[in-house]
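Structure, as structure tokens:
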Amino acid sequence: MQNSNVLRSFDSLVNEKRIKIDDLTDRMARSVSEQTHREGMRLDRASIRLEHAMSDRLKTERSRFAKAAAQMQANDPVAVLARGYSIAETKDCAIVKRVEDVTTNDNIRVRVSDGTLHCTVDTVEPKTGDQNG
């Protein structure tokens, strides 16, 4: 009889522990599920912030690129020639920047938007202090 009471107590204790383990397992599963859901929502928010940041950065870089392209176009020697400027070169292909770069009777090439002029320097007139430009 005592053996059967011990067995019943043991069975009861095992059953209690089994119920407690099942309860803890259920609580842990719910906790993991809730935490997974929270982290998934956090990740979604971070993903949205990243997409916005990337979109903003892309707009900024496109704008910078457009400005740089416009500046390059404005400074393009061909575009400058098309606006009416010219480029004078010596026979050695050096750009004429000052009157001292050439002398009377030098042959020079003058590049304009639609071709090249082959010229001879007739006179050289240095700028005086009272002239503008």
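Only a single item in (1) of a type outside the set (A, V, I, L, M, F, W, C); (2) more than 30 Å from Thr116 (Cα to Cα); (3) not in a helix (DSSP H, G or I) is not met by Lys91, and it is number (2). What are the pairs with Cβ atoms under 6 angstrom where one residue, in the stretch 103-118, is assigned by TED's automatic domain parsing to the domain that holds Thr90 and under 12 Å from Thr90 (Cα atoms) and the other, located anywhere, is in a strand (DSSP E or B) and polar (S, T, N, Q)? Sequence gap at least six, or different chains. Close Cβ pairs (under 6 Å, with a partner that is in a strand (DSSP E or B) and polar (S, T, N, Q)) amount to Asn107/Thr120; Arg109/Thr116.
Within the stretch 96-116, track down each residue that is of a type outside the set (Val, Ile, Thr) and surrounded by 11 or more Cβ atoms within 10 Å (Cβ to Cβ). Before the answer, list the steps.
Quick first cut of the stretch 96-116, residues of a type outside the set (Val, Ile, Thr) only: 97-98, 100-101, 105-107, 109, 111, 113-115.
Those that are of a type outside the set (Val, Ile, Thr) and surrounded by 11 or more Cβ atoms within 10 Å (Cβ to Cβ): Asp101, Asp106, Asn107, Arg109, Arg111, Ser113.
Given Glu34, Glu61, which one is within 44 Å of the chain's Cα centre (by Cα) and at pLDDT 95 or above? Step through it out loud before you land on a result.
On the way: Glu34 fails: at pLDDT 95 or above.
On inspection, the qualifying residue turns out to be Glu61.
The values are calculated or read from the model by the stated rules, or taken from the named source; none is laboratory data. Note that the structure is a prediction, hence the values are computed from the model and not measured. Neighbour counts run over all protein chains shown; Cβ positions are idealised from the backbone, glycine included.
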